[in-house]
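Read through the structure below, which is laid out as structure tokens, and then see the notes.
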Amino acid sequence: MGKKVILTGDRPTGCLHVGHYVGSLRRRVELQNSGDYEDIFIMIADQQALTDNAGNPQKVRDNIDEVALDYLAAGIDPGKSNILVQSMIPELPELTLYYMNLVTVSRLQRNPTVKAEIQMRNFESNIPVGFFCYPISQAADITAFQATTVPVGEDQEPMLEQTREIVRKFNSLYGETLVEPEIMLPESAACLRLPGTDGKAKMSKSLGNCIYLSDPEEEVKRRVMSMYTDPEHLQVSDPGHLEGNTVFTYLDAFAEDSQVHEYCPDYATLDEMKEHYKRGGLGDVKVKKLLIRVLQDVLGPIRQRRSEYAKDLSYVHEVLKKGTERAREVSADTLSKVKASMGIDYNW
Ligand code: TRP
């Protein structure tokens, strides 16, 4: 068996929120600390962010620091994981260029994530070419690091499928060169897609329904207290519903039974508390107060570490430079293999 390598990443278009945390960040830290992986690369995908923010490079630039701070605060350890900046690795666009010849326009048009994004951004008949091709560039991101494992949310499934197709096509045309990666999805449904605090499926800055890792404690409290619950649960004595009840979805994603028992000693487990809610007699405020404490247990230390790192951005930039250097070594190696396989390594 070959070595196990992780590659994953985020677009620097804003601070990371609790959806990122349960959907991938928490897992990355576990994987990093498991010792099962020989190399771990976490990419701040600024070039991909520019594919739909070409008019606002300053926003992308500013958010590189924010995302790096979120990573470090959440427990990404630069001694174990390489954090890198996409645009500082010229091998990536070069790989993209060779892969572009292996993908058809109609195949890109069928990519469900790209389709949804085109709609959301009203690109329709004015699709920027760079945006249209970003799944190919993402295949370059993944294959450049010879990644075996890509821990991401389910919205990235089409990107992984596209990448695997490119790998197979490349290997069959030019000989076994690239590594075919596997997606690694979050374990539970609640973590797969954490809803916004208003119960809407998508968490987004413009909807104002996110809890950010960098939010102060008061803000988190305010957001939880105004969370969407069960509109039919009017009186405490009314039976309550769990489906679509955001507070319980968040508890599923964050709470350990031990915390439930500690903060609400009437219950041994979260399931017991849910049963009570369904029967009636358990008020929303009590459940929300539990969630606030659970979130504080997780977010408190993150917030604390984040503010420490934020005081020393030159350290953060050193981390990025070091991670990017290591990333360049590996991607340069892949690029030379790719060119050799294609027979375009002219040794004149
Ligand atoms: N597309 C990812 C997102 O929108 C970011 C990303 C870019 C990525 N390159 C990647 C994720 C490579 C995993 C692997 O969040």
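The values are calculated or read from the model by the stated rules, or taken from the named source; none is laboratory data. Keep in mind it's a predicted model, so treat the numbers as computed, not measured. Glycine gets a Cβ as well: all are built from the backbone with ideal geometry, and neighbour counts include every protein chain shown. In case anyone asks, the SASA skips ligands and DNA or RNA and just uses the protein heavy atoms, side chains included. Shrake-Rupley method; radii C 1.70, N 1.55, O 1.52, S 1.80 Å.
In table form, for the structure just shown:
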| item | result |
| --- | --- |
| Which listed residue is at pLDDT below 95 and touching a strand residue (DSSP E or B) at 6+ places or on another chain (Cβ under 6 Å), from P181, P151 | P151 |
| Count - residues of region 301-348 that are within 30 Å of L173 (Cα to Cα), open to solvent by 60 Å² or more (accessible area, probe 1.4 Å) and assigned to a loop (DSSP other than H, G, I, E, B) | 4 |
| Residue match in region 283-292 (condition: assigned to a helix (DSSP H, G or I), free of Cβ contacts under 8 Å to residues at least 24 places away in the same chain, open to solvent by 60 Å² or more (accessible area, probe 1.4 Å) and closer than 17 Å to L92 by Cα) | no |
| Residue in region 63-74 that is within 12 Å of the chain's Cα centre (by Cα) and within 11 Å of the ligand (Cβ to nearest atom) present | yes |
| Matching helices (runs of 4 or more DSSP H) fully within region 149-255 where at least 2 residues are within 15 Å of the ligand (Cβ to nearest atom) | 157-174 |
| Output for region 104-120, where each listed residue is within 13 Å of the ligand (Cβ to nearest atom) and not aliphatic (A, V, I, L, M) | N111, T113, E117 |
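Residues checked against (1) over 25 Å from the mean Cα position of the chain (by Cα); (2) exposed (fewer than 13 other Cβ atoms within 10 Å of the Cβ); (3) within 30 Å of Y277 (Cβ to Cβ); (4) of a type in the set (S, T, Y):
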site	(1), (2), (3), (4)
Q156	no, no, no, no
L160	no, no, no, no
E165	no, no, no, no
E180	no, no, no, no
P195	no, no, yes, no
H233	yes, no, yes, no
